[in-house]
């Protein structure tokens with residue numbers, strides 16, 4: 001049975017880092033946890049179930065997975081799901097273009113030499129995934145076998161992010177039931193069964209923007225977490241993690257102006273400030289020297305936060 005790691009984000013002593021990067025942070029260097037978020041990760045680790053994270057766009061779903069990997073000192077792999085993604089793409093793919101080219105050149109190999117490991121294969125069993133990738137390497141002479149690893153040390157745990165699972169065709173979640181439920185799957189093109197090593201069971205994190213209902217059978221196999229709507233206090237805490245300390249007064253002023261009261265996500269027509277948009281607003285004010293509350297500030301807010309007619313009714 002896989003040992004359950006002690007997930008304690010407070011032990012990850014990453015100092016607040018100045019957010020000098022344009023756009024979204026992709027490094028997972030900082031994250032603000034609530035007690036419920038910590039518990040959800042611990043439950044997913046304890047049960048071996050995927051963690052399905054719900055919430056609006058820009059609410060910190062994807063960055064949670066990256067930071068969890070840092071806290072666990074685990075390998076991190078991810079794939080953004082699109083409307084064209086099929087379940088098998090996450091397990092393995094076949095390089096049909098190279099196979100067709102080799103056929104035209106009378107250099108066709110066995111089908112298993114065109115199989116490429118997908119993101120879940122790499123997370124479940126990185127050793128066999130590396131072996132298969134070497135087997136399918138285009139530069140390796142046909143018919144030669146890749147070197148097999150003799151390293152018997154426990155594999156590093158992996159955190160794998162399947163981002164925006166609700167973008168996929170409705171059949172995709174159902175076709176992943178076996179792989180995510182039992183942490184194993186059969187690669188039909190090679191006859192190999194890929195199993196997660198019990199010494200380092202991977203943590204699969206899926207995100208959804210709630211744009212499409214997911215199948216009930218799929219949901220039964222997941223631990224679910226709804227990220228909280230950020231109130232002003234949480235925005236301030238997150239802003240302090242992302243920006244230098246001397247910007248704290250600006251962070252507090254902007255949070256107070258954008259979220260003057262408690263979150264109202266459950267009320268029809270109410271406007272909610274996403275974390276990503278809040279950080280964009282702070283970054284714009286810092287770089288352009290805009291004072292919160294000024295006339296120019298209102299225009300900056302319209303461009304970064306209150307977009308698409310989302311401005312609060314109180315003006």
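The values are calculated or read from the model by the stated rules, or taken from the named source; none is laboratory data. The shown structure was predicted, so the numbers you read here are calculated from the model rather than taken from an experiment. When we count neighbours, we look across all protein chains shown, and the Cβ atoms used for this are built from the backbone with ideal geometry, even at glycine.
Among the candidates 30, 43, which residue alone is outside the structural domain of residue 240 (by TED's automatic domain parsing) and in contact with a strand residue (DSSP E or B) (Cβ under 8 Å, 6 or more places away or on another chain)?
Values: 30 fails: in contact with a strand residue (DSSP E or B) (Cβ under 8 Å, 6 or more places away or on another chain).
One residue alone meets the criteria, 43.
Quick check on the range 8-48: of everything there that is within 14 Å of residue 275 (Cα to Cα) and at pLDDT below 70, which residue is surrounded by the most Cβ atoms within 10 Å (Cβ to Cβ)? Spell out how you get there, then give the answer.
We begin by selecting, within the range 8-48, every residue within 14 Å of residue 275 (Cα to Cα); these are 19, 23-25, 30-33.
Then drop every residue that is not at pLDDT below 70, which leaves 19, 23-25.
Working: 19: 19, 23: 8, 24: 11, 25: 17.
So the residue we want is 19.
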How many residues does the range 39-63 hold that are in contact with a helix residue (DSSP H, G or I) (Cβ under 7 Å, 6 or more places away or on another chain) and farther than 26 Å from residue 184 by Cβ?
4
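Of the residues 237, 250, 304, which single one is farther than 30 Å from residue 52 by Cβ and modelled with pLDDT of 90 or more?
Working: 237 fails: farther than 30 Å from residue 52 by Cβ; 304 fails: farther than 30 Å from residue 52 by Cβ.
Within the list 237, 250, 304, the selection yields 250.
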If residue 201 meets every condition in (1) modelled with pLDDT of 90 or more; (2) surrounded by 19 or more Cβ atoms within 10 Å (Cβ to Cβ); (3) part of a loop (DSSP other than H, G, I, E, B) apart from one, which number is that one?
(1)
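What is the residue count in the range 82-126 for residues that are assigned to a loop (DSSP other than H, G, I, E, B), crowded, with 16+ Cβ neighbours inside 10 Å and either touching a strand residue (DSSP E or B) at 6+ places or on another chain (Cβ under 6 Å) or at positive phi (or both)?
We begin by selecting, within the range 82-126, every residue assigned to a loop (DSSP other than H, G, I, E, B); these are 82-86, 95, 105-110, 118, 125.
Still in the list and also crowded, with 16+ Cβ neighbours inside 10 Å: 85, 109, 118, 125.
With the extra rule that they be either touching a strand residue (DSSP E or B) at 6+ places or on another chain (Cβ under 6 Å) or at positive phi (or both), the set shrinks to 118, 125.
Qualifying residue count, the range 82-126: 2.
Among the residues in the range 138-157, are any at pLDDT 90 or above and in contact with a strand residue (DSSP E or B) (Cβ under 9 Å, 6 or more places away or on another chain)? Reasoning before the result, please.
First, pick out the residues of the range 138-157 that are at pLDDT 90 or above: none.
No, every residue in the range 138-157 fails to be at pLDDT 90 or above and in contact with a strand residue (DSSP E or B) (Cβ under 9 Å, 6 or more places away or on another chain).
Give 68, 77 a once-over and let me know the one that is crowded, with 16+ Cβ neighbours inside 10 Å and either outside any helix (DSSP H, G or I) or at positive phi (or both).
Details: 68 fails: either outside any helix (DSSP H, G or I) or at positive phi (or both).
After ruling out the rest, the residue left standing is 77.
This table checks each residue for (1) touching a helix residue (DSSP H, G or I) at 6+ places or on another chain (Cβ under 9 Å); (2) in the same structural domain as residue 53 (by TED's automatic domain parsing).
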{"site": "193", "(1), (2)": "no, yes"}
{"site": "196", "(1), (2)": "yes, yes"}
{"site": "202", "(1), (2)": "yes, yes"}
{"site": "207", "(1), (2)": "yes, yes"}
{"site": "211", "(1), (2)": "yes, yes"}
{"site": "216", "(1), (2)": "no, yes"}
{"site": "219", "(1), (2)": "yes, yes"}
{"site": "222", "(1), (2)": "yes, yes"}
{"site": "236", "(1), (2)": "yes, no"}
For the range 209-238: of the residues being assigned to a helix (DSSP H, G or I) and in contact (Cβ under 8 Å) with a residue 60 or more places away in the chain, which is farthest from residue 166 (Cα to Cα)?
237
Given the criterion part of a helix (DSSP H, G or I) and in contact with a helix residue (DSSP H, G or I) (Cβ under 9 Å, 6 or more places away or on another chain), identify the matching residue among 257, 241.
257
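Take the range 166-182 and flag every residue that is in a helix (DSSP H, G or I) and in contact (Cβ under 8 Å) with a residue 24 or more places away in the chain.
Within the range 166-182, the subset in a helix (DSSP H, G or I) is 166-167, 171-175, 177-182.
Within the range 166-182, 166, 167, 171, 172, 173, 174, 175, 177, 179, 180, 181 meet the criteria.
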